[in-house]
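As structure tokens, the structure follows; a few thoughts come after it.
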């Protein structure tokens, strides 16, 4: 039953290093890079000034509103907006959208006078295009060349918060090596993979393969990078022994390891601690049309974010209600899986910074996946999340 529940998943979790639906990686191996073997310890930067935004976003396919009752996460910021303001949020059907699922299902948005629709959009390029053209008002964005190239072309997306941030030991994604290779002693360190096939499900994954290989003074260009359309494809690749190693997100990692096909030798949090995985992105139009609705949305989302933090990170509240919400709203349907899969870490006040995403930009530019490096400070605005945190009070 456990494996059947896992194998029904067809999408990967959108997190730093492995984004579902990202463009296929190039078939030729990446060239050497200057990305550091151990990225520097990262810490939040000073909040940049807001970027300009301007007009309303069209609606998309609706999701039902919650009943409005709250069991935690603070109180509403004030009387609900009247009339309610309609907002759309891109839903990529993964755990990256957890805060929006929780805020909607616990009624936090409704309590603020917000009519929030979650619109299903699969694939980073589709989500970035919809956000940049104000087809949706908000989306959970991750550091993908599609985002950076859009910003370089003059499309305006504002990054409002760092919803996930790597901590040492986090295994939201892992570098796996086939079990038979480990058991035979053929793999002792990354240099043993030189020239060997390594599977990746997304463009971002190459960055993490590069970090692994740099541990022995090599780069991702020293292995035979095999691109796959989605993370679940690596299950069959490990089973057929067509790859020796691979980078996979959970819950796909759990599928592979539970079948004994491969084992994790490196995990996201240890390879790049402090890195931002998911940021809350805002469209160019909504801020000028409904600035109060933007603040209310961020406030309600932060309430949900703190619920997630306490249930899964601090572990000082009962996680069962949130597990049920996530099981209802994502492909990870079995509540028992939330005890074993890697979940992203979060901070009570999730301010955004550009440090880790600049490291990824450097890599993408060097690989020809990104046209030019973007000054992200022009697109970061922490004022909304800071105001929401001040209103909610100490965590």
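Computed from the coordinates by the stated procedures, all read-outs in this text should not be read as laboratory data. Computed from a prediction, not measured in an experiment: that's the story for all the values here. As a convention, Cβ positions derive from the backbone with ideal geometry for all residues, glycine included, and neighbour counts pool all protein chains shown.
Quick rundown of the values:
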| quantity | calculated |
| --- | --- |
| Ordering of 341-347, 247-253, 178-184 by packing [mean C-beta count within 10 Å, highest first] | 247-253, 341-347, 178-184 |
| Distance histogram in 10 Å bins (all Cα pairs of the range 139-208, percent per bin) | 13, 34, 28, 17, 7, 0 |
| The range 141-165 and the range 173-244: distance between their alpha carbon centers, rounded to Å | 27 |
| Mean Cβ neighbour count within 10 Å, used as a protection proxy, ranking 119-130, 201-212, 90-101 highest first | 201-212, 90-101, 119-130 |
| Cα gyration tensor category, rounded, prolate or oblate, for the range 175-263 with a/c compared to 1.5 | oblate |
| Cα-based convex hull volume of the range 227-313 per residue, rounded to whole Å³ | 151 |
| Peptide ranges 232-244, 186-198, 299-311 listed from the most packed, as the mean C-beta count within 10 angstrom indicates | 299-311, 232-244, 186-198 |
| Within the range 165-192: backbone nitrogen closer than 20 Å to the residue 366 label point (7 Å, Cα to C-beta) | 175, 190-192 |
| Cα gyration tensor, the range 275-395 - rounded (a/c under 1.5), prolate or oblate | oblate |
| Cα-derived Rg to Rh of the range 139-293, Kirkwood definition | 1.06 |
